[in-house]
Structures are given as structure tokens and as C-alpha cells.
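The values are calculated or read from the model by the stated rules, or taken from the named source; none is laboratory data. Here the structure is a predicted model, which is why all the values come from computation and not from measurement. Don't worry about glycine lacking a Cβ; one is built from the backbone with ideal geometry, like all the others, and counts go over all protein chains shown. Areas reflect the complete protein model, heavy atoms only, side chains present, ligands, DNA and RNA absent. Shrake-Rupley method; radii C 1.70, N 1.55, O 1.52, S 1.80 Å.
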Amino acid sequence: MNKRGWLGAALAVVVTVSAVSFSQVWAGQEEVARKQKPQPKNVILMVGDGMGRAQRDAIRLSSVGLHGKTAMDDMPYTGFVHTNSADPEEFVTDSAAAATAMATGVKTYNGAIGVDLDQKPVETVLETAKKRGKATGLVTTAQVTDATPAAFGSHVKDRDEQSQIARQFLEKSRPDVILGGGEDYWYPEGNPGRHPDHPAEDPSEESKGSEGNLVERAKNLGYQYVANREELQKANGSKILGLFANEEMFQYDTEAGDRYNPAVSLTEMTDKALQTLSKNKNGFFLLVEEEGIDAMCHVNNAELAIEAGKEFDKAVAHVKEFAKKRGDTLVIVVGDHETGGFTIEGLDDSDESGGVSGEDGPFAVAGSDQRFMVDWTTGEHSAVSIPLTAMGPGAGLLQGAYENTRIHDVIVKLMK
């Protein structure tokens, strides 16, 4: 056999062996993870909405510098998540389709909450956890009925049906802890609840619920209702509903400008959720979301996107400490998609990109004299893959590159 023929035969063998090997990758990882660690008692899924690799790097540079590690990056297992939706008209996902994929393991159309392409409900990991006797919780700086938390605890055809989502929380999925913003969707028009209509920071905000007084209904179902930091700190029940703002727990794209100013920090809400849910002897499932990253990237505000990201990383650090002390908790940190076409650049006198907005910056690199700029390509979402980091029992199953539906599949597998 000549040299060319020998090389061709060798290549064919390599291709054949590789095809067999790659088909066994997931099975091999599952076997390794099974042998190394027991199944988790608790699962905490932390979502930085709109947070891609570049956002994570900007958060890192701004907080710990060139050679440091953020809490979310300092985790032993890494994966890369494909975020495309199954929308027949636009494969670049929105938060609803992305969250539904992670919650149910099914790709769907943009705007869908907990339903498939035929608009049929699909069981979520939160509902699966509930069936297994676990406590469940939703924590977010967005409205608690916004796309990401909604997809884990409700089933509606359109993400805008936020009052119906709230009603389903109470009547069907019944998370034990619900903390975030969005009181306006829990009270009918003309009944402002604890947060006044038309606040100075955004006069457009007002109660607009379509399902009656859902806060009163929650109280009748045993939820302790809290509306500020002091009340949250004092809350000691097994079921807590906390709504700390009319809409999101920050302001963006308003006449008064952008402000990242949650009345209760994400870490404080997460801590209360951990305290409450960990009382369940069967364990718990908890979703924690930072919405500010996505919102500020939509308006191309890098400063506040980074600030929100730093607060998210503080919550991750707090969760990691909880998990390390126990040894029985799987922690997953991921974005649902990337927002803004966020890019990190060196200093330059001109904005050469021709993007939708001017460059932001400069921003200081922590621990050095260097600085960086942020540039944008869009005010919407992009289709780039998203980094995932994980720790705890079963985390090894999330290595590699895969669809966002695998997050659901791994969590459910480990729960069983």
C-alpha cells in the first residue's frame, strides 16, 4: 500500500473510532459522576439573564482583575450551552423559550411559558421536585411572574399573561418561596397594594392584575406576605411571598434614566430562601435569577450591567458557601442567552464598530492601571453559546457542549 493509501485507511479508522467514542461521551460522563458522588439532595439553578461569556469577563475584570476568579467562574465543571429556540420564524431565543427549555427539556417558540410548540403544558423541574416531596422556590430581581421564573412554575401560551402566571403559582405549582418584584400583577386595577401606583421613578407603573386580589388569596393559602427588607428578615413561615417593587426591582429605559437599586438585594432574598427551603427533610429545588444584566444590556448600559453582574456573583458566592458546608447540593450557574452583542475592547479614541450605540467606558481593571471599553452590536439578544459552571453531586454531567434542554434532563435524572 502506498503512503497516500495508508494515510487514507488510517484516517478512516480514526473517523470510525471517533464516531463511536463521541456517541459514548455522555454515557461515560454519567458513569463517572455516578461513581464519584452521590445524588444531590438540593438543586440550585442560578441564571444571569442575558449573561454571555463577555459579560462574565467584564464582571471579572471589574471586580477581581486580570488574574482573579469570580465566584461563578471558580467552579470545577464547565459546559457550553446552545440557546436557540424552536421558533419557526426566529431561532434567536427570548427568555421565555430559553427558560422553558431549561425547565422542561423541550424546545419551544419565543414567548412560550412551560408549553411546547403545540401549546401543550410540559412538566417542569420545579413541579417534578414538588412531586418528590421537595420544597421549591423562585427568587428574582425581575417580576416574579416574568419569563424565567414563570417558565418553572406555570404554563401559558404568552409570557405577557403575568396575572394568570401568578394565579397558577398559587393554585398549581405552589412554590414555597416566591421573592422578587411585580406586585402590580397581583392586585387589580385601582388597588395598588403595598407599593403605590405611579411612583416618581416610573409614573407608568400601576396595578393591572386580571385575576382578582392574588395577595389575599396567597395569604389564605398560608403564605406570609412581605413587601420590604425588614419584613423579609422577620419572616419565619414555611411559605413566603415577597413582592418588593411594582415591576422589576430596578429602573431601566425610563424618563428618569437607568438605576440598579433593588430594595432588597439578590443575596438577601437568596439567603432567606435557603433558610426556609432547607428545613424540608427531602431537600429542595431553587431558581435564582438576576434580571438586571439583561435589562441593562438591552439599553446598552455597560456600567449597570456590570453592577448587576457583581451583585449576582455575590449571590453565587453565598450559595457556594451554603453548598460547601453541606456537601449535598448541586449548584449550576448559567445565562439563558446573551444580550447586546457585548464586546470588550481596548481604549481607543474612536468608536469604529458602527454599532447601535456608542462605546461605554472606560472601566477600570481591578488591581491594575489598565482600563477597557465595552461596545455593542445590538439592543436585542444574540445567538452565541453561553458558558455554564457547576459544582456538587452530579455536576460532572454538565461538562461539554450541548443544548439548553440538557440542564433539565440532568436535574431530573439526578432527582430520580
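The single condition among (1) in contact (Cβ under 8 Å) with a residue 60 or more places away in the chain; (2) open to solvent by 10 Å² or more (accessible area, probe 1.4 Å); (3) of a type in the set (A, V, I, L, M) that Leu126 does not satisfy is (2). Of the conditions (1) under 20 Å from the mean Cα position of the chain (by Cα); (2) part of a helix (DSSP H, G or I), Gly111 fails just one. Which one is it? Checking Gly111 against (1) under 20 Å from the mean Cα position of the chain (by Cα); (2) part of a helix (DSSP H, G or I), the one that fails is (2). Among the residues making up segment 245-262, those that are open to solvent by 40 Å² or more (accessible area, probe 1.4 Å) and either assigned to a helix (DSSP H, G or I) or out of contact with any helix residue (DSSP H, G or I) (no Cβ under 6 Å at 6 or more places or on another chain) (or both) are Asp253, Glu255, Ala256, Arg259, Asn261. In segment 302-345, which residues are part of a loop (DSSP other than H, G, I, E, B) and surrounded by fewer than 24 Cβ atoms within 10 Å (Cβ to Cβ)? Correct list: Gly327, Asp328, Gly341.
Just one residue in the set Arg159, Arg194 is surrounded by 22 or more Cβ atoms within 10 Å (Cβ to Cβ) and in contact with a helix residue (DSSP H, G or I) (Cβ under 9 Å, 6 or more places away or on another chain); that residue is Arg159.
Residues are listed down the side, and each one gets a yes or a no for (1) surrounded by 23 or more Cβ atoms within 10 Å (Cβ to Cβ); (2) modelled with pLDDT under 95:
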| residue | (1), (2) |
| --- | --- |
| Pro38 | no, yes |
| Asn42 | yes, no |
| Gly52 | yes, no |
| Ser63 | no, no |
| Leu66 | no, no |
| Ala71 | no, no |
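Here is the figure for segment 303-326: residues that are out of contact with any Cys (no Cβ under 8 Å at 6 or more places or on another chain), farther than 13 Å from Thr70 by Cα and touching a residue at least 12 places away in the same chain (Cβ under 8 Å) total 8. Checked against the criterion of being more than 22 Å from Thr70 (Cβ to Cβ), in contact with a His (Cβ under 9 Å, 6 or more places away or on another chain) and open to solvent by 10 Å² or more (accessible area, probe 1.4 Å), the candidates His381, His408 yield just one match: His381. Does at least one position in segment 263-285 carry a residue that is loosely packed, with under 14 Cβ neighbours inside 10 Å, in contact (Cβ under 8 Å) with a residue 24 or more places away in the chain and closer than 25 Å to Glu171 by Cβ? Yes, segment 263-285 has at least one match. Taking residues in segment 398-416 that are part of a helix (DSSP H, G or I), and partners anywhere that are open to solvent by 40 Å² or more (accessible area, probe 1.4 Å) and modelled with pLDDT of 95 or more, the pairs with Cβ atoms closer than 8 Å and at least 6 places apart or on different chains are Leu398/Tyr77; Thr405/Val106; Thr405/Lys107; Met415/Arg132.
Of the listed requirements (1) open to solvent by 10 Å² or more (accessible area, probe 1.4 Å); (2) under 25 Å from Arg259 (Cα atoms), Gly181 misses just one: (1).
Can you name the residue in segment 129-142 that is over 20 Å from Ser163 (Cα atoms) and small (Gly, Ala, Ser) and is also surrounded by the fewest Cβ atoms within 10 Å (Cβ to Cβ) among such residues? Selected residue: Gly133.
For Lys172, the conditions (1) more than 29 Å from Glu231 (Cβ to Cβ); (2) free of Cβ contacts under 8 Å to residues at least 60 places away in the same chain; (3) surrounded by fewer than 24 Cβ atoms within 10 Å (Cβ to Cβ) are fulfilled apart from (1). Every condition in (1) hydrophobic (A, V, I, L, M, F, W, C); (2) out of contact with any strand residue (DSSP E or B) (no Cβ under 6 Å at 6 or more places or on another chain); (3) at pLDDT 95 or above holds for Met249 except the one numbered (2). Look at Thr145 and say whether it is within 24 Å of Ala315 (Cα to Cα) and either open to solvent by 10 Å² or more (accessible area, probe 1.4 Å) or part of a loop (DSSP other than H, G, I, E, B) (or both). Answer is yes for this residue. Just one of the numbered conditions (1) assigned to a helix (DSSP H, G or I); (2) out of contact with any Phe, Trp or Tyr (no Cβ under 9 Å at 6 or more places or on another chain); (3) among the β-branched types (Val, Ile, Thr) is not true of Thr128: (2).
Select from segment 202-231 the residues that are farther than 17 Å from Asp146 by Cβ and open to solvent by 70 Å² or more (accessible area, probe 1.4 Å) and list them in ascending order. Pro203, Glu216, Arg217, Lys219, Asn220, Arg229, Glu230, listed by residue number.
Scanning for something under 29 Å from Ala245 (Cα atoms) and outside any loop (DSSP other than H, G, I, E, B), does segment 62-72 turn up at least one residue? Looking for residues that are under 29 Å from Ala245 (Cα atoms) and outside any loop (DSSP other than H, G, I, E, B), one finds at least one in segment 62-72, hence yes.
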